[in-house]
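Each value in this text was obtained by applying a stated rule to the coordinates, not by laboratory testing. None of these values were measured; they are calculated from a predicted model. Positions of Cβ are backbone-derived with ideal geometry, glycine not excepted, and every protein chain shown enters the neighbour counts.
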2 protein chains.
Amino acid sequence: MRYELYYWTGIQGRGEFVRLALENARASYTDVARIEGDQAIMPFLRGEHAGALPFAPPFLRAGRLLIAQTANILAFLAPRHGLIPASSASQIYAMQLQQTITDIVAEAHDTHHPIAVEQYYEQQRAEARKRSASFCAQRIPKYLGYFEQVLERGDGHHAIGRRHSYVDLSLFQLMSGLDYAFPNAMKGLRRRTARLRALRDRVADRPNIAAYLASERRIPFNEDGIFRHYPELDES
Amino acid sequence: MRYELYYWTGIQGRGEFVRLALENARASYTDVARIEGDQAIMPFLRGEHAGALPFAPPFLRAGRLLIAQTANILAFLAPRHGLIPASSASQIYAMQLQQTITDIVAEAHDTHHPIAVEQYYEQQRAEARKRSASFCAQRIPKYLGYFEQVLERGDGHHAIGRRHSYVDLSLFQLMSGLDYAFPNAMKGLRRRTARLRALRDRVADRPNIAAYLASERRIPFNEDGIFRHYPELDES
C-alpha cells in the first residue's frame with residue numbers, strides 16, 4: 001500500500017514521529033505537502049473529503065482510511081510493519097507509552113507558547129521563561145525518569161518486548177528534540193538518562209533510520225517547530 | 001470481570017471519563033482510592049507491581065492487565081461494553097476523536113496552570129488570565145466547532161455510527177466541564193454548539209448515566225479539578 005502523509009512543510013513537528021515509522025519500514029509514502037504545498041492540507045480540515053475529519057495534521061491516508069492524531073496513526077501502522085509485537089497487551093502498553101510521549105511533546109511546545117498558540121513567541125517571552133524553568137527542573141526529569149524506568153522493567157534496551165517498536169522510534173525523536181532545545185538541561189540529566197541515550201543511539205544507527213537522517217527528507221530542527229532552541233529558555 | 005479504577009480522590013479529573021464509560025455499562029468496578037485513599041495509587045507509580053508502568057492516574061486493572069492513559073483505557077473498555085461499533089474504521093476514528101478530547105482537556109487544565117503544574121494557581125494568576133483569554137476566544141470555539149462538524153458529518157446526533165459511543169460520553173463530560181468553568185464564554189457559543197448541547201442532554205438522560213449523576217459517586221465539579229470555575233478567568 002502506498003501511504004499519503006499530510007503535515008505542515010518546513011518543520012519536523014508531530015509529523016516526524018510518523019515519518020520515522022514509515023522510514024524505518026521503508027514503506028512507500030508521499031509526503032504530500034512537501035510536493036504540493038501546505039494548501040494540500042486545507043480541504044481535509046474543511047471537511048471536503050469523506051471519512052474521518054482531522055482536527056489538525058499530521059494525518060495519513062491509507063487506502064480508504066484517513067487517520068489523524070499521531071499516536072493513533074502509529075498504532076495503525078505498527079502491526080503492519082513489524083513495529084509492535086502481536087499481543088494485545090503489548091499493543092495496549094505501547095499506546096499508553098505513546099500517549100505519554102504525546103503529553104510531554106505538548107508540554108515542550110508550550111515552553112515557547114505558554115499563553116497563546118496564535119501569538120508569536122516574542123509576545124509571550126517572559127512567561128515562556130517561567131514555564132521553561134519548570135519544564136527543565138521538574139517535567140523533563142519526571143518524564144525521562146519514567147521512561148528510564150520503563151526500559152529497566154523491560155529488557156533494558158526496548159520499551160516493549162525485545163525488538164524496537166514504534167515507541168522506541170518516538171523516544172529517539174523525543175530525546176533528539178530535547179537535546180536540541182534544552183542542551184544544558186539535558187546535560188545535567190546525562191547520568192540519569194543512560195538507557196534512553198543508548199536507545200537513541202541504537203535507533204539512530206538502524207540502517208533505514210541512518211539513511212533517512214542523512215537524507216534531505218529529514219528536515220533540520222529549527223525555531224518554527226515544536227522543539228526550539230532558544231538559549232534563554234534553557235538552563236544556564 | 002470486576003475492574004479496579006485508580007484515580008485521585010476528591011476530583012472528577014481525567015478519571016471521570018473512565019467512570020462514565022463504566023457507569024453507562026453498569027460494569028462492576030471498584031473506585032479503589034475512594035475506599036483506600038490516594039496512597040493506594042502510589043505503589044503502582046513506584047513500579048512495585050508487574051506489568052505496565054503508569055505515568056499517572058487514571059489507570060485500570062482488568063484481570064492481569066494494567067492500563068493507563070484515559071483514551072487508551074476507553075478504547076479497551078468500549079468494545080467489551082457496547083460503546084463502539086465493531087468495525088476497525090470506527091474504532092480508529094473514535095480513538096482519534098478521543099485523543100483530540102485529551103488535547104482540549106490538557107489545555108483546559110493549563111488555563112489555571114499555564115506556568116507550572118507544581119505551583120498553586122495563586123502563583124500564576126496573571127498568566128492564567130492571559131491564557132484563559134486565548135482559550136475562551138480561540139481554542140474553545142475551534143475545538144467545539146470541530147466537534148460540531150464531526151456530529152454533522154455523522155448522523156447529526158452521534159460522533160460515531162448511530163448509537164452512543166464512548167466518545168459521546170466524553171463529549172458530555174467536556175461540555176459539562178466547560179459549562180462549569182467558563183459559563184459566560186460558553187453562553188456566547190450557544191448557537192454555534194447546538195448539536196453538542198443536544199448530545200450532552202441526551203447523554204445526561206441515559207438511565208444509567210442519570211442514575212450515576214444523581215448518586216454520591218458523582219463528585220461535584222470543584223476548584224481542585226481540571227475544570228475550575230474562577231470567575232476572573234471566564235469572559236465577562
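Selection of the range B:186-215 for residues being among the small types (G, A, S) and part of a helix (DSSP H, G or I) yields B:G188, B:A194, B:A198, B:A204, B:A210, B:A211.
Can you work out which of the residues in the range A:215-236 that are charged (D, E, K, R) and over 18 Å from the mean Cα position of the chain (by Cα) is farthest from A:A108 (Cα to Cα)?
Of the residues in the range A:215-236, the ones charged (D, E, K, R) are A:216-218, A:223-224, A:228, A:232, A:234-235.
Then drop every residue that is not over 18 Å from the mean Cα position of the chain (by Cα), which leaves A:216, A:232, A:234-235.
Details: A:E216: 25, A:E232: 15, A:D234: 12, A:E235: 14 Å.
The extreme case among them is A:E216.
Here B:Y93 meets each of (1) among the hydroxyl-bearing types (S, T, Y); (2) within 11 Å of another protein chain (Cβ to nearest Cβ); (3) touching a Phe, Trp or Tyr at 6+ places or on another chain (Cβ under 8 Å) with one exception, condition (3). The numbered conditions (1) more than 20 Å from A:L199 (Cα to Cα); (2) in contact (Cβ under 8 Å) with a residue 60 or more places away in the chain are all true for A:S90 except (1).
Quick one: which residue in B:I101, B:I92, B:I115, B:I67 is aliphatic (A, V, I, L, M) and in contact with a Lys or Arg (Cβ under 7 Å, 6 or more places away or on another chain)? Before the answer, list the steps.
On the way: B:I101 fails: in contact with a Lys or Arg (Cβ under 7 Å, 6 or more places away or on another chain); B:I92 fails: in contact with a Lys or Arg (Cβ under 7 Å, 6 or more places away or on another chain); B:I67 fails: in contact with a Lys or Arg (Cβ under 7 Å, 6 or more places away or on another chain).
Within the list B:I101, B:I92, B:I115, B:I67, the selection yields B:I115.
I'd like the residue in the range A:100-146 that is closer than 19 Å to B:T100 by Cα and of a type in the set (G, A, S) and, out of all such residues, is farthest from the other protein chains (Cβ to nearest Cβ). Only one residue tops the list, namely A:A108.
With a requirement of 3 or more residues that are surrounded by fewer than 19 Cβ atoms within 10 Å (Cβ to Cβ) and touching a Leu at 6+ places or on another chain (Cβ under 8 Å), the helices (runs of 4 or more DSSP H) lying completely within the range A:70-177 that satisfy it span A:140-153.
Being more than 10 Å from chain A (Cβ to nearest Cβ) and in a strand (DSSP E or B) is the filter here; which residues of the range B:41-61 pass it?
Going through the range B:41-61, the residues more than 10 Å from chain A (Cβ to nearest Cβ) turn out to be B:41-44, B:48-49, B:57-58, B:60-61.
Within the range B:41-61, B:L60, B:R61 meet the criteria.
What's the number of the only condition in (1) assigned to a helix (DSSP H, G or I); (2) in contact (Cβ under 8 Å) with a residue 24 or more places away in the chain that B:I35 fails to meet? B:I35 satisfies all of (1) assigned to a helix (DSSP H, G or I); (2) in contact (Cβ under 8 Å) with a residue 24 or more places away in the chain except (2).
When you look at A:I67, is it under 18 Å from the mean Cα position of the chain (by Cα), farther than 22 Å from B:L65 by Cα and facing chain B (nearest Cβ under 10 Å), yes or no? So A:I67 passes the test.
For B:F172, are the conditions met, namely being more than 10 Å from every other protein chain (Cβ to nearest Cβ), among the aromatic types (F, W, Y) and within 19 Å of the chain's Cα centre (by Cα)?
Numbers: more than 10 Å from every other protein chain (Cβ to nearest Cβ): yes; among the aromatic types (F, W, Y): yes; within 19 Å of the chain's Cα centre (by Cα): yes.
Yes: the conditions hold for B:F172.
Here are some residues: B:R192, B:R202. Which one is within 13 Å of B:F147 (Cβ to Cβ), touching a residue at least 24 places away in the same chain (Cβ under 8 Å) and out of contact with any Lys or Arg (no Cβ under 8 Å at 6 or more places or on another chain)?
Numbers: B:R202 fails: within 13 Å of B:F147 (Cβ to Cβ).
Of B:R192, B:R202, the one residue that is within 13 Å of B:F147 (Cβ to Cβ), touching a residue at least 24 places away in the same chain (Cβ under 8 Å) and out of contact with any Lys or Arg (no Cβ under 8 Å at 6 or more places or on another chain) is B:R192.
Annotation: A:G82 fulfils all but one of (1) more than 9 Å from chain B (Cβ to nearest Cβ); (2) under 20 Å from the mean Cα position of the chain (by Cα); (3) free of Cβ contacts under 8 Å to residues at least 12 places away in the same chain; the unmet one is (3). So is A:R153 over 17 Å from the mean Cα position of the chain (by Cα) and within 12 Å of chain B (Cβ to nearest Cβ) or not? Yes.
Matching residues to (1) more than 16 Å from B:D179 (Cβ to Cβ); (2) of a type in the set (F, W, Y):
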position: B:A116; (1), (2): yes, no
position: B:Y120; (1), (2): yes, yes
position: B:F135; (1), (2): no, yes
position: B:Q138; (1), (2): yes, no
position: B:G145; (1), (2): yes, no
